[in-house]
Amino acid sequence: MMSDAPRSLTVLGATGSIGTNTLDLVRREPQRFAVEALTANGSAAQLARLAVEVGAKLAVVADPDAYGELKDLLAGSGITAAAGAEALVEAAERPAEFVMSAIVGAAGLPPTLAAVRRGACIGLANKETLVCAGALMKREIERAGATLLPVDSEHNAIFQVLDRERPQGVEKIVLTASGGPFRTWDTTAMARVTPEQAVAHPNWAMGAKISVDSATMMNKGLEVIEAAYLFDQPIDKIEVLVHPQSVIHSMVAYIDGSVLAQLGAPDMRTPIAYALAWPARMAAPVERLDLARIAQLTFEAPDEARFPALRLAREALSAGAGAPSVLNAANEVAVAAFLQRRLGFLNIPAVVEAILDRLAGRQIPDLEAVFALDAEARRLAGEVLARQAVPA
Ligand code: NAD
Ligand code: MG
């Protein structure tokens, strides 16, 4: 696998938290990788700088308004600039062996699917893609012979310790959760949470949306759905365990009583390095785990009364069909409204529940249906927000 030829690589969402961590590893072993394309939403200046640094062939901004700036910045560099939704998909279609899927939200679905359809090896950070189109993604992966390597730390941990050859031996999967910044807060205090407090995660430095999801524990709900699709497990075999130190990234329990876990410092460069080098390993400059210093690992059951997002995600997974897509779309709208101070923190799951109730039972036989349902859930969530005008 790791022959002398460099591994060609495209990073979707190159300017984000996962994207920049990926490029940090690439820059440390430049002989090992050849960067094909980098994409971003609108941050043309940052994207241009990254593209020049790693010698990408193509740089794409999703937002057409950012094209002029990107083109000017890349003039004379030999790097092609492009913009728009189609260019994003074309970037994923380029013949890179490995694609890091690190766009946030359902916006990552079209380019990720394009990479799947040409049979690429995909490092999947963009969990929303699996949540909103899990069954479809799995069909396409199978058909195209694509490889999906989970980058989400919990799923990467499970991937490393799960005996996929002998699934009968697996009793359950245990997804660990930090519990987020409000793990010990009462609901009175949680009702007044600000965006600044919600994005300040105790253990992980991440993008704003996933940080809010971690604070509501919707992130763990999305991850239960992600695990169900990735590892073909029924909902009753996926357990969530709060582990505030984020040292054990997840576990698999076997029928003989064995429990296998993957441990590490909370640094996404470990699962990213795992995916980048798979099936080999590459060095990652992360803090080494010093268990004597950490001394204690603690665990507790999640509190679904204070964190109803977990229950909602389980209900959506049980309902099946389009329910997880609806959950995801409504959550994206509610989180954006919270970040803009148009919605109170505790009302994020309330909005999601209202939309799930309205759109229960929708089917998503094909990609068009996924997009239509996603759009409808977003429109309804927007209406609910406009009507209730909840103070932040
Ligand atoms: P981020 O907000 O830091 O970065 C998102 C990236 O996507 C940026 O490059 C941005 O320009 C791009 N983007 C945003 N909206 C877009 C759109 N509409 N079209 C095209 N590109 C768009 O997010 P992140 O924290 O890096 O998370 C990325 C994904 O990885 C998410 O799905 C998240 O759940 C997942 N993930 C992140 C972490 C983490 O530690 N950050 C851990 C596990 C999983
Ligand atoms: Mg995770």
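Could you grab me the full set of residues in region 201-255 that are within 14 Å of ligand 2 (Cβ to nearest atom) and in contact with a Lys or Arg (Cβ under 6 Å, 6 or more places away or on another chain)?
Within region 201-255, L222, E226, V240 meet the criteria.
Between A37, A66, A106, A51, which is open to solvent by less than 20 Å² (accessible area, probe 1.4 Å) and within 16 Å of A125 (Cβ to Cβ)?
Unique residue meeting the criteria: A106.
Every residue in region 196-223 that is assigned to a loop (DSSP other than H, G, I, E, B) and over 18 Å from N347 (Cα atoms), please.
A200, H201, P202, N203, W204, A205, M206, G207
Is there a residue being within 16 Å of ligand 1 (Cβ to nearest atom), in contact with a Gly (Cβ under 8 Å, 6 or more places away or on another chain), open to solvent by 10 Å² or more (accessible area, probe 1.4 Å) and part of a helix (DSSP H, G or I) anywhere in region 224-235?
yes
Inside region 361-377, can you point out the residues that are within 21 Å of the chain's Cα centre (by Cα) and either surrounded by fewer than 18 Cβ atoms within 10 Å (Cβ to Cβ) or not assigned by TED's automatic domain parsing to the domain that holds A350 (or both)?
Across region 361-377, the qualifying residues are L367, F371, A375.
Checking A120 against (1) more than 13 Å from ligand 1 (Cβ to nearest atom); (2) under 30 Å from N331 (Cα atoms); (3) surrounded by fewer than 24 Cβ atoms within 10 Å (Cβ to Cβ), which test does it fail?
Just one mismatch for A120, condition (3).
For region 281-300, indicate whether the set of residues that are within 16 Å of ligand 1 (Cβ to nearest atom), hydrophobic (A, V, I, L, M, F, W, C) and either open to solvent by 40 Å² or more (accessible area, probe 1.4 Å) or modelled with pLDDT of 95 or more (or both) is non-empty.
Yes, region 281-300 contains a residue that is within 16 Å of ligand 1 (Cβ to nearest atom), hydrophobic (A, V, I, L, M, F, W, C) and either open to solvent by 40 Å² or more (accessible area, probe 1.4 Å) or modelled with pLDDT of 95 or more (or both).
Within 24 Å of V259 (Cβ to Cβ), within 16 Å of ligand 2 (Cβ to nearest atom) and open to solvent by 30 Å² or more (accessible area, probe 1.4 Å): which single residue out of R164, R183 fits that description?
R183
Answer with yes or no whether A45 is in contact with a Leu (Cβ under 7 Å, 6 or more places away or on another chain), away from ligand 2 (no atom under 16 Å from the Cβ), open to solvent by less than 10 Å² (accessible area, probe 1.4 Å) and over 17 Å from P271 (Cβ atoms).
Judged against the criteria, A45 is not a match.
Among all residue pairs at least 6 apart or on different chains, which show Cβ distances below 6 Å where the first residue, located in region 149-169, is modelled with pLDDT of 95 or more and the second is within 16 Å of ligand 2 (Cβ to nearest atom) and assigned to a loop (DSSP other than H, G, I, E, B)?
V151/A125
Do any residues in region 86-99 that are within 13 Å of ligand 1 (Cβ to nearest atom) have Cβ atoms under 9 Å from those of residues that are in a loop (DSSP other than H, G, I, E, B), where the two are at least six apart or on different chains, and which pairs are they?
If the second residue must be in a loop (DSSP other than H, G, I, E, B), the pairs left are A87/A62; L88/A62; L88/I103; A92/R118; A92/A120.
Does region 204-213 contain at least one residue that is more than 30 Å from E29 (Cα to Cα), modelled with pLDDT of 95 or more and open to solvent by 60 Å² or more (accessible area, probe 1.4 Å)?
The answer is no, given that none of the residues of region 204-213 is more than 30 Å from E29 (Cα to Cα), modelled with pLDDT of 95 or more and open to solvent by 60 Å² or more (accessible area, probe 1.4 Å).
The values are calculated or read from the model by the stated rules, or taken from the named source; none is laboratory data. Everything numeric in this text was worked out from a predicted model, so none of it was measured. Here the Cβ is made from the backbone with ideal geometry for all residues, glycine too, and neighbour counts use every protein chain on show. Just so you know, the surface numbers come from the protein's heavy atoms only, side chains and all, with ligands and any DNA or RNA stripped out. Shrake-Rupley method; radii C 1.70, N 1.55, O 1.52, S 1.80 Å.
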